[in-house]
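What follows draws every value from the coordinates through simple rules; no lab data is involved. Nothing here was measured: the structure is a model prediction, and the numbers come from that model. Please note: Cβ atoms are built from the backbone with ideal geometry, for glycine as well, and neighbour counts cover all protein chains shown.
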Amino acid sequence: MLWVVLAATFASAQQYDIVLEGGRVMDPETNLDAVRNVGIRGGKIARISSEPLSGGRVIKVHGLVVAPGFIDLHQHGQDLASQRVKAFDGVTTALEMEIGVPDVAQFMKSKEGHSLIHFGTTASHVAARSLIFVTPLPEGTILPKSGPATDQLATPQQIERIEQRLRDQFDAGALGLGMGIQYTPGATRLEVIDMFRTAAERKLPVYTHMRSFGRIEPGSAIEAVEEVIGAAAISGAPLHIVHVNSTCLRDTLECLSMIAGARARGLDVTTEAYPYIAGMTAINSALFNPGWKERLGIDYSDLVIPDTGERLTKERFDELHNSGTQKWVLVFANTQEMVDKTIPHPLIMIASDGAEGHPRNAGTYSRVLAQYVREKKVLPLMEALGKMTLMPAQMLEHSTPAAHQKGRLQEGADADIVVFDPNTIADRSTFEKPMEPSVGVHELLVGGTVLIDDGKMVQNVYPGKAILGHR
Ligand SMILES: [Zn+2]
C-alpha cells in the first residue's frame with residue numbers, strides 16, 4: 001500500500017501536461033539564458049530543469065528560444081483576424097490601452113470564450129466624453145468624428161458625469177484610464193488633471209496619446225509631454241505615454257530625456273514605440289483639425305488609404321475628413337533614422353498600436369527581433385525580450401496583481417510561452433500586404449494551451465482569457 005502511495009507521489013511529481021524539451025530558455029527578470037526543460041501543468045510553468053522531464057506531451061525545441069509570450073499594451077484590432085496575426089508574431093496578450101473601449105463590460109462579455117489570446121482594456125475618456133455630449137460612439141468604433149464632443153469645452157457638471165462614467169468602467173474591470181487627448185482637443189488642462197485624479201482614486205495608471213505633435217509653440221510635442229508628466233505629478237497616477245515615436249517625431253530623444261528626468265525625480269512614467277515610419281488613424285478624427293499639416297510638417301500626399309494605396313489630395317482629404325464614415329489613413333511622418341534611434345533606447349517598451357491596415361498589426365515583434373537584434377545588432381536578444389515581456393508586465397502590475405505571473409519564464413508563472421527560431425524569425429507584413437503573418441514562431445502556448453504548433457495554428461481552441469483590473 002505504501003508502495004502505491006509513493007509511486008503515485010513520484011508519478012505526479014514527474015508528470016507534466018506538456019514538456020518543452022531542450023530549448024534555450026530565456027527570462028528577462030532573472031537573466032536565465034540556458035538550455036533547460038520546461039514542465040507545464042494546469043496552465044502554469046511548474047518546473048524548469050536541466051534534468052529530463054516526462055510529460056503527457058513532449059515537444060522537442062532544441063535550438064529554439066523559449067521565452068515569455070509577448071505582451072502588447074497597445075492593440076486596437078481585437079477581432080480574430082488580428083489576434084491570429086498577433087499570435088504568429090509571438091503575442092500571447094494584446095490589450096487595448098491607448099484609447100480603451102466604450103463599454104468595458106460588453107467588450108469582456110463578447111470576448112470571453114472567443115479569444116485566441118488574452119485581452120483587456122482601459123476605460124475610455126474619449127468614449128465617456130462622447131457619451132456625455134450625447135453622441136455615443138457608433139458600434140465597433142473607438143474614435144469619434146471631429147465635432148462638438150471632441151472640440152467643445154465640458155462644463156463642470158459634464159466633467160463630473162464623465163468621471164462617474166469612468167468609475168463605472170473601472171468597476172467593470174478596466175485596467176486603467178485611456179486618454180487620446182489629441183482626439184478631444186476641447187478637453188482643457190484642468191479636465192485632463194481631473195481625469196488623472198479619477199484614475200488615481202483607484203491607484204490605476206493613465207495611458208495616453210498626448211495632445212499634440214511637432215515643434216510649433218504653443219502646442220508642441222514638448223509641451224504635450226510636460227502636460228501629462230505634470231498631471232501625473234499632481235495626481236499621483238502612474239503614466240504610460242503611448243507611441244512616443246509617432247507623437248514626438250524629430251524630438252523623440254528629447255521626449256525620452258524628459259521622461260528619464262521625471263523618473264529620476266521619482267515619478268512613475270513609462271513609454272513605448274513601434275518600429276515603423278508611418279502611423280495610422282481615423283481620417284475624420286480631431287487629429288486632423290486645421291493645423292495638422294504645419295504641425296506634422298507633411299502634406300496631403302503623405303496620407304495614404306491602406307486598402308488601395310491611394311495618396312490623398314486636398315479635395316479627397318476634405319471629403320473624407322468631413323465624412324460620417326470612418327476610414328483609416330496611413331500617416332507618413334517619421335524617418336527611419338529616428339525609429340532606429342528609438343527602438344533600442346532602454347526606456348522603450350515594444351507595443352504595436354496594431355489594427356488591420358498597417359503592417360505593425362502583424363509584424364511589430366518579429367521585425368524588432370529580425371532587424372534590431374539579428375541584422376543591425378543594436379539590441380541584445382535578452383534586452384529585446386525584456387521590452388516585449390517583463391517591462392509591459394511590470395506596467396500591468398499597477399492594474400492587477402495577476403500580472404506578477406506574466407512576462408516571466410519562471411516556475412509559478414503563467415504558461416504563456418513563445419518558442420521561436422532567432423535565426424529566422426521575421427516580419428512578412430508590408431504596407432501593401434499588412435496582414436501577412438510573421439515567420440519563425442514554432443510554438444505558442446496561451447495559458448498552457450498550444451495555439452501554434454510546429455508553425456501552424458491549432459484550430460478551434462480559444463485559450464484567451466480576460467485580464468481585469470483590481471477594481
Ligand atoms: Zn495614438
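At a glance:
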{"quantity": "Cα centroid separation - region 125-177 against region 39-58, whole Å", "calculated": "46 Å"}
{"quantity": "Above-threshold pairs, the threshold being 21 Å between Cα atoms, out of Lys293/Lys314; Lys86/Lys377; Lys341/Lys406; Lys327/Lys433; Lys145/Lys203", "calculated": "Lys86/Lys377; Lys341/Lys406; Lys145/Lys203"}
{"quantity": "Whole-percent pair-distance distribution, where bins are 5 Å wide, for the alpha carbons of region 125-232", "calculated": "2, 12, 24, 25, 21, 11, 4, 1"}
{"quantity": "FRET efficiency for Glu436 and Gln157, using Cβ-Cβ distance with R0 set to 45 Å, rounded to 0.05", "calculated": "0.35"}
{"quantity": "For region 433-471 and region 61-98, distance of Cα centres in Å", "calculated": "7 Å"}
{"quantity": "Along each principal axis, Cα extent of region 20-111, largest first, Å", "calculated": "50, 27, 22"}
{"quantity": "Mean-position separation - Cα centroids, region 226-273 and region 373-427, in angstrom", "calculated": "22 Å"}
{"quantity": "Interatomic Cα distance distribution for region 281-387, bins of 10 angstrom, percent", "calculated": "13, 38, 27, 18, 3"}
{"quantity": "Relative contact order %, the chain, counting alpha carbon pairs below 8 Å whose residues are six or more apart", "calculated": "21 percent"}
{"quantity": "Inter-label distance, nm, simple model (7 Å from Cα along the C-beta direction), Ser323/Val378", "calculated": "3.7 nm"}
{"quantity": "Surrounding net charge for Asp268, when Lys and Arg each add one and Asp and Glu each subtract one, Cβ distance under 14 Å", "calculated": "+2"}
{"quantity": "Mean separation of Cα contacts under 8 Å, 6 or more apart, over the residue count of region 343-471: relative contact order %", "calculated": "24 percent"}
{"quantity": "15 Å reach of a label modelled at Tyr300, 7 Å along Cα-to-Cβ, counting backbone N of region 310-342", "calculated": "310-323"}
{"quantity": "DSSP-assigned coil residues among GluC sites (Glu not before Pro) in region 93-162, each with at most 12 further Cβ atoms within 10 Å", "calculated": "Glu139"}
{"quantity": "For the chain, diffusion coefficient by Stokes-Einstein and Kirkwood Rh (Cα), 10 °C, 1.306 mPa s, µm²/s", "calculated": "70 µm²/s"}
{"quantity": "Potential extension, His404-Ser49 segment - 0.36 nm per residue separation minus Cα distance", "calculated": "125.7 nm"}
